[in-house]
Amino acid sequence: MEKIIPNRSQALELLREYNENESLIKHALAVESVMLHFAEKLNEENKGKWGVIGLVHDLDYEKYPDQHCRKTREILEERNWPEDYIQAIESHGWGICTDVEPQEKMEKVLYTIDELTGLIMATALLRPSKSILDLNVKSVKKKWKQKGFAAGVNRQLIESGAKSLGMELDVIIEETIKGMQKVAEEIGLKGEID
């Protein structure tokens with residue numbers, strides 16, 4: 001059977017089929033936007049692919065947290081998704097729940113920014129404005145150093161991802177913020193900025 005090349009609306013429909021938790025959906029939208037932002041910044045040809053992979057990267061997390069990434073493979077294989085899409089999604093769980101190491105640039109970006117979007121979201125929500133639109137790298141770095149803040153965010157993983165990309169952590173934080181700012185309203189981080 002021929003592999004399908006999934007588009008955004010198919011990916012979003014699939015995401016909503018497996019996820020009802022609005023926080024997880026907002027996370028997926030944030031990661032999608034950051035992936036699209038990096039694809040643009042890195043002059044990637046297939047930006048849509050980057051976005052789709054970002055959108056469904058946690059497809060199985062709500063219903064199958066113990067089989068995270070592995071269950072996604074099963075779901076996407078049943079729907080005839082291309083192997084490179086499946087592998088890219090699996091690789092974001094490298095060292096946590098899979099042994100699929102990120103190889104391609106797209107995989108390394110997803111691996112690096114997935115956790116980072118969580119830290120940025122938590123930082124933005126603590127601001128008086130509750131907005132990502134006035135958030136800067138310095139504020140995120142300040143929270144980064146507080147180990148008790150967003151303790152579930154694996155900072156070492158983000159650093160390792162930045163190193164594999166050959167990019168400065170500050171640059172990755174800045175570009176991730178910019179990517180998330182594009183969907184501030186959809187992810188609930190427009191806040192009280194006029």
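The values are calculated or read from the model by the stated rules, or taken from the named source; none is laboratory data. Predicted model, so just to flag it, every value in this text is computed and none were measured. Using ideal geometry, Cβ is built from the backbone for each residue, glycine included, and neighbour counts are taken over all protein chains shown.
Checking Arg79, Arg70 one by one, the residue that is more than 20 Å from Val109 (Cβ to Cβ) and without any contact (Cβ under 8 Å) to a residue 40 or more places away in the chain is Arg70 and no other.
For the range 160-174, the criterion of being modelled with pLDDT of 95 or more, closer than 13 Å to Thr123 by Cα and out of contact with any strand residue (DSSP E or B) (no Cβ under 9 Å at 6 or more places or on another chain) is met by at least one residue.
So in the range 16-46, with the set limited to residues that are in contact with a Leu (Cβ under 6 Å, 6 or more places away or on another chain) and more than 15 Å from Glu175 (Cα to Cα), which one is surrounded by the most Cβ atoms within 10 Å (Cβ to Cβ)? For the range 16-46, the residue satisfying everything is Ala28. When you check Leu133 against the structure, is it of a type outside the set (Val, Ile, Thr), at pLDDT 95 or above and not in a helix (DSSP H, G or I), yes or no? Spelling it out, Leu133 is indeed of a type outside the set (Val, Ile, Thr), at pLDDT 95 or above and not in a helix (DSSP H, G or I).
Please determine whether any residue of the range 91-107 is out of contact with any Gly (no Cβ under 9 Å at 6 or more places or on another chain), β-branched (Val, Ile, Thr) and under 30 Å from Lys3 (Cα atoms). Within the range 91-107 (the criterion being out of contact with any Gly (no Cβ under 9 Å at 6 or more places or on another chain), β-branched (Val, Ile, Thr) and under 30 Å from Lys3 (Cα atoms)), the answer is yes, since at least one residue qualifies.
Against the list (1) in contact with a strand residue (DSSP E or B) (Cβ under 7 Å, 6 or more places away or on another chain); (2) in a helix (DSSP H, G or I), the condition Val100 fails is (2). Assess whether Gly161 counts as being under 29 Å from Glu45 (Cα atoms), surrounded by fewer than 21 Cβ atoms within 10 Å (Cβ to Cβ) and among the small types (Gly, Ala, Ser). No; evaluated as a whole, the condition is false for this residue.
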